[in-house]
């Protein structure tokens, strides 16, 4: 298998899905089987890519159409991006299985088409070695995400969420497109390895020379790119669209957006700052921006969790909180910080998906997202409630669950800046813990509130076993990634951060391929 095939698989399946549905009379069983086959094949491709990346001493490079870089588009996959690709393909597969039971609305074939398109764009963004192709992948993500967020088109909150997301996302990607113009004018290339080579004064075949001093072009490029990421990754003050989008979107979609789509911007900034342009002359100012906005985002997310009446919006602000952690950690600039970012993205994806899916089971049971109307549902679904509690304990950082260890890495990385900055993680985690505790008490005890009357009757226990099966798998991963965190970090995440920080290795992988094609 070729490296470049991995994101093409879900894209190809997505293209043919509406035709398959039409030819088979839109039979639900056929649509679900076809879609789950597509997601499974993509997951297997993700496993293959992960194995290849960790078996190779240098990043994997694939040149589309055998056009050499920087003339053609290339994919460049190192251990860092391979880890994220594997996590994403696994998460999308679980979301597809969960959706087979959760989604009851007409038009299931289009739902899965958008889901597969969203996966293709996300994987492409993690794998691309070209700054312009990143823009293309952001557009693929956006087109799919805006459509699937508004899938419940007969609900006003879905339309509102999709509209806010669409307008905000379009403005954000336009800013990034403008940023590409500035950097291309100075560097004469948009290939990531070539950009890094020029910045570090390393020769590269078939390329032009720098036009003047690139410092100003880089400063404008980063200002515009950060502005894009602030919106795309819901960093304060660009977070405003996310609660509405999550409130209107189906639960599996919220899980995917929170776990993978929102971190694409964080990954992109990490790639630019830690790999391509390591040693920026204005790194001090850039670091301050990351730390200040990340801190503000973390406090905003945790505090707003306390006052939510809509359970989806509570989870949305939890996502904003964790995006704040990642954005803060970008400002440290060390290998430890990059390892913490990578490990936290994976751990957050596992635990947050579990949180979304358990809450989705409650919503499926009560047909409501209002926390007051979900009161007492926990006693009806004890297995789901246990897994919900496991997810919340992990997300607030209770040992020995998985997120505790990635938060500890983030805390240690931030300590390299200041103990005061590191304390943000502790304080905001405590605030989030109180919000989760309040939610758990409402779900379990189900005390009557003003305007609501609960009859005294025996609790009927009803579990949705498809949901329980998926959530149990995620719960096991939450525990396993916690108990074996030291081993997992040493075996996978430490090598990934070392390779991602090695800009010479990143450049050489593409340069050798280009030289081989020339000869």
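Read the figures in this text as sums done on the coordinates, not as results from a lab. Since the model is a prediction, treat every value here as computed from it, not as a measurement.
Observations on the model:
- Distance histogram in 10 Å bins (all Cα pairs of the range 8-89, percent per bin): 17, 33, 29, 17, 4
- For the range 120-176, the square roots a ≥ b ≥ c of the C-alpha gyration tensor eigenvalues yield an a/c of 1.5 or more together with a/b not exceeding b/c, which makes the shape oblate.
- P(r) for the range 299-388, from all Cα pairs and a bin width of 5 Å, is 3, 13, 20, 19, 17, 12, 8, 5, 3, 1 %, short bins first.
- The smallest convex shape that holds all Cα atoms of the range 179-260, its convex hull, gives 120 Å³ per residue.
- Shape category assigned to the range 280-351 from the gyration tensor of Cα positions, a/c cut at 1.5: oblate
- Per the Kirkwood formula applied to alpha carbons, the range 244-364 shows a radius of gyration over Rh ratio, Rg over Rh, of 1.02.
- One entry in (i) 30.4, 103; (ii) 22.5, 82; (iii) 22.6, 67 is Rg and Dmax of the Cα atoms in Å calculated from the shown coordinates; its label is (ii).
- Gyration tensor verdict on the range 81-207 (Cα atoms; rounded if a/c is under 1.5, prolate if a/b is larger than b/c, oblate otherwise): oblate
- The Cα trace of the range 1-144 gives Rg and Dmax of 15.7, 50 Å, the first to one decimal, the second as a whole number.
- Cα pair count fraction exceeding 12 Å, expressed as % - the range 1-53: 64
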